[in-house]
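The values are calculated or read from the model by the stated rules, or taken from the named source; none is laboratory data. Worth saying up front: this structure is predicted, and the values here are computed from it rather than measured. No Cβ is skipped: glycine too gets one built from the backbone with ideal geometry, and neighbour counts run over all protein chains shown. Quick note on the areas: whole protein, heavy atoms, side chains included, nothing else; ligands and nucleic acids left out. Shrake-Rupley method; radii C 1.70, N 1.55, O 1.52, S 1.80 Å.
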Amino acid sequence: MPHSFGYRARTRYMFARKFREHGPLHLSTYMKVYKVGDIVDIKGNGAIQKGMPHKFYHGKTGVVYNVTKSAVGVIVHKRVGNRFMEKRVNIRIEHISHSKCRDDFLRRVKDNAAAAKASRESGVRVSLKRLPVQPREARFVSTQDNEPTTINAIPYDTLI
């Protein structure tokens, strides 16, 4: 039997609703506000077939460039050959959500601004750069009332 090349071909699990998340959508989905410039994640919702993105855009992140009554226009960069093309897709709001990819960056900006202000007031220089996790400090293990035990391999023996 020849396989199909339809619009939703090979999306059996991609557009399936998650376990115990079947049924109608929450109203909070429709109450979210999207503005031009927002970063959004595209995730096709199988319960709503209207305005569903093509399977290629499932899991992609883009920037909102247009907002209408029930949908938004999103700019996504698609790799075609050796270049990236700017694709503009119109998607209903049931299939997108605000991306959390920038939350950590914005939190760091706010923390760095507060730390810089505090350092200016106190006159103490403070480093605002991120540092990798440093090695743990050295420590001594006391052998008093803590005798080291020698571990040896058990010799092989058949159990028959």
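Mind jotting down the distance between the C-alpha centroids of region 141-160 and region 105-134, whole Å?
Comparing the Cα centres of region 105-134 and region 141-160, I get a distance of 49 Å.
Pick from Asp103, Asp145, Asp41: which is most flexible by mean-square fluctuation in a GNM of the chain where alpha carbon atoms under 10 Å apart are linked?
Asp145
Once the other residues with Cβ under 11 Å from the Cβ of Lys32 are scored (Lys, Arg +1; Asp, Glu -1), what is the net sum?
Here the charged neighbours net out to -1.
Note the angle between two axes, namely the Cα long axis of helix 103-122 and the longest principal axis of the Cα atoms of the chain, as a number of degrees from 0 to 90, rounded to the nearest 10.
Its long axis makes an angle of about 60 degrees.
Whenever you get a sec, compute what percent of the accessible area on region 1-157 sits on carbon and sulfur atoms (1.4 Å probe).
Reported share for carbon and sulfur atoms: 56 percent.
Would you calculate the convex hull of the Cα atoms in region 88-160 and tell me its volume per residue in Å³?
In region 88-160, the Cα hull volume divided by residue count equals 428 Å³.
Please list, in order along region 60-74, the HN-Hα scalar couplings obtained from phi with the Karplus expression 6.51 cos²θ - 1.76 cosθ + 1.60 (θ = phi - 60°), rounded to whole Hz, x for Gly and Pro.
8, 10, x, 10, 6, 10, 8, 10, 10, 4, 10, 8, 9, x, 10
Can you list which of the trypsin sites (Lys or Arg not before Pro) found in region 60-120 are DSSP loop residues with at most 16 other C-beta atoms within 10 Å?
Lys69, Lys100, Arg102
Pairs of Cα atoms under 8 Å, at least six residues apart: use those to get the relative contact order of the chain, whole percent.
It rounds to 17 percent for the chain.
If the reach is capped at under 30 angstrom between alpha carbons, list the lysines near Lys32, excluding any in the same chain fewer than eight residues apart.
Hits, sequence-local ones excluded: Lys18, Lys43, Lys50, Lys55, Lys60, Lys69, Lys78, Lys87, Lys100, Lys110.
Please provide three numbers in whole Å: the alpha-carbon extents of region 4-88 along the principal axes, with the largest listed first.
Result, largest extent first: 41, 37, 18 Å.
Roughly what percent of Cα-Cα pairs across the chain reach past 19 Å?
Beyond 19 Å sits 73 percent of the P(r) for the chain.
Can you tell me the accessible area per residue over region 32-160, all protein chains present, probe 1.4 angstrom, in square angstrom?
Using a 1.4 Å probe on heavy atoms only, each residue of region 32-160 averages 83 Å².
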